[in-house]
Amino acid sequence: YLGMLIFENGKFTRLTTADGLIDNNVNSIYQDREGTIWVGTGGGLSRLTEAIITSFSTKEGLANDNVYPIFQDKAGKIWIGSWTGLTVYENGVFQDVSQQFGLTTDRITAIYEDRDNYLWIATWEGKLVKIKNGQVTTFPPNEQLGEHIRAIYQDRNGAMWFGTTKGLVQLKNDIFTV
């Protein structure tokens, strides 16, 4: 594992644990609205602001150190999916919300907020969870979705799309179609 590369001013610069990353196994990179770079790794989460790298792990409140998707919702909360659970970062505090949303053993692979402010959480196991105002709707694994949901998107007509091992799956009017 080689850390991460930053391309700036026509050249690549490598960042590793020697520079402050919590782990060199980088799973995801996300830039929030404030310009902060969040790096999900196999050993936790690193936050890059200007020349400072701050790292976080389960000691600071992450659900798990193996971090995958990172997403900022419209309210400014940072959602962190991991290999066993979901964490939200708000007002400088990490909170493990896995149990609250029924995701304690799930490997989170994608996070997305739709235009109606529903937060969609997808898992490696093929489960989908839709959250709004603390209300949770769970779509258990099914034949149409398959397993390993990797991507979520909403098109301009409001249909939800999921990238899975079955291919591209659409959810429209509560019906999944491949």
Restricting region 7-39 to residues that are out of contact with any Asp or Glu (no Cβ under 8 Å at 6 or more places or on another chain), in contact (Cβ under 8 Å) with a residue 12 or more places away in the chain and of a type in the set (S, T, N, Q), the residue that is nearest to Ile80 (Cα to Cα): Ser28
Members of region 86-105 found to be assigned to a strand (DSSP E or B) and loosely packed, with under 13 Cβ neighbours inside 10 Å, listed by number: Val93
Matching residues, region 142-178, being among the small types (Gly, Ala, Ser) and either open to solvent by 90 Å² or more (accessible area, probe 1.4 Å) or more than 21 Å from the chain's Cα centre (by Cα) (or both): Gly158
Exclusive hit being without any contact (Cβ under 8 Å) to a residue 24 or more places away in the chain, assigned to a strand (DSSP E or B) and over 23 Å from Glu34 (Cβ atoms), set Lys59, Lys130: Lys130
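For region 63-85, how many residues meet the condition of being of a type outside the set (Val, Ile, Thr) and in a strand (DSSP E or B)?
Qualifying residue count, region 63-85: 8.
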Residue match in region 4-26 (condition: at pLDDT below 95, within 27 Å of Asn133 (Cβ to Cβ) and open to solvent by 80 Å² or more (accessible area, probe 1.4 Å)): no
Exclusive hit being farther than 15 Å from Ala151 by Cα, modelled with pLDDT of 95 or more, open to solvent by 10 Å² or more (accessible area, probe 1.4 Å) and not hydrophobic (A, V, I, L, M, F, W, C), set Tyr112, Tyr118: Tyr118
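The values are calculated or read from the model by the stated rules, or taken from the named source; none is laboratory data. Nothing here was measured: the structure is a model prediction, and the numbers come from that model. Every residue, glycine as well, gets a Cβ built from its backbone with ideal geometry; the counts of neighbours run over all protein chains shown. When the accessible area is computed, the model is the full protein with side chains, heavy atoms only, and any ligands, DNA or RNA have been set aside. Shrake-Rupley method; radii C 1.70, N 1.55, O 1.52, S 1.80 Å.
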